[in-house]
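Take a look at the structure set out below.
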Amino acid sequence: MTSINTNNTDRAVSEFQKLPIEEQLVALGTLFKEVSGSVPSSALSTSSSNEISTLISELKSQRQDEQLQTLGDFLTNKVDHFDGVALDPHPSKALLELLPGSTQPPLARYEALDANSRIAFWYQLGQEFSSSIPTNAQVSPKATELLSSVRSLSAEEKAAFLGQLV
């Protein structure tokens, strides 16, 4: 069994989380795009496949700025930790969230996914949006350095890194 150097992955996660959210999304998209050919789709089968497909379909129906906000919320686990309910900022969507029988907001459904399902979500998202992930996006030198260091990790360390992020 291969051992994982947790110092490398912990350091990479810490550096990743210091990046602005836009750069986090580009870096994460780039990494999932790079590993997409090396992971068999059967390895990503989860009991949450329907929920993952639903979340991705909802993302596809959003405007680009809404997609970035939603994905940023997923990465930062941005949820209001008080006794109230965090509603969508758009009044018509917020109203639908208040109606009996309506579905939970995407963030709540994402947070309900287990770790393997979250990895499967980001992997499938990377496949769905691979053509729209900028390959030459302007990112800071810190983000470029982080991507280089993550690329040098072993496959197990990359998996641990991605698992900690999502």
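The values are calculated or read from the model by the stated rules, or taken from the named source; none is laboratory data. Quantities reported herein were computed from a predicted structural model and do not represent experimental measurements. Because the Cβ atoms are built from the backbone with ideal geometry, glycine has one as well, and the counts that use them run over all protein chains shown. In case anyone asks, the SASA skips ligands and DNA or RNA and just uses the protein heavy atoms, side chains included. Shrake-Rupley method; radii C 1.70, N 1.55, O 1.52, S 1.80 Å.
For residue 86, work out the one condition from (1) open to solvent by 50 Å² or more (accessible area, probe 1.4 Å); (2) at pLDDT below 70 it doesn't fulfil.
The one condition residue 86 does not meet is (1).
Can you tell me which of (1) modelled with pLDDT of 75 or more; (2) surrounded by 14 or more Cβ atoms within 10 Å (Cβ to Cβ) is the one residue 76 doesn't meet?
With respect to (1) modelled with pLDDT of 75 or more; (2) surrounded by 14 or more Cβ atoms within 10 Å (Cβ to Cβ), residue 76 is out only on (2).
Residue under question is residue 71, and the condition is that it be modelled with pLDDT of 85 or more, within 13 Å of residue 122 (Cα to Cα) and under 17 Å from the mean Cα position of the chain (by Cα); does it hold?
yes
Taking residue 115, is it surrounded by fewer than 18 Cβ atoms within 10 Å (Cβ to Cβ), modelled with pLDDT under 85 and under 20 Å from residue 161 (Cα atoms)? Lay out the reasoning, then the answer.
Numbers: surrounded by fewer than 18 Cβ atoms within 10 Å (Cβ to Cβ): yes; modelled with pLDDT under 85: yes; under 20 Å from residue 161 (Cα atoms): yes.
Against the criterion (surrounded by fewer than 18 Cβ atoms within 10 Å (Cβ to Cβ), modelled with pLDDT under 85 and under 20 Å from residue 161 (Cα atoms)), residue 115 qualifies.
Which residues, counting only those in the range 140-162, are of a type in the set (Val, Ile, Thr) and either in contact with an Asp or Glu (Cβ under 8 Å, 6 or more places away or on another chain) or open to solvent by less than 30 Å² (accessible area, probe 1.4 Å) (or both)?
To start, the set of residues in the range 140-162 that are of a type in the set (Val, Ile, Thr) comprises 144, 150.
Residue satisfying the conditions is 150 alone.
Could we say that residue 45 is open to solvent by 30 Å² or more (accessible area, probe 1.4 Å), farther than 19 Å from residue 112 by Cβ and at pLDDT below 80 here?
Working: open to solvent by 30 Å² or more (accessible area, probe 1.4 Å): yes; farther than 19 Å from residue 112 by Cβ: no; at pLDDT below 80: yes.
In short, no.
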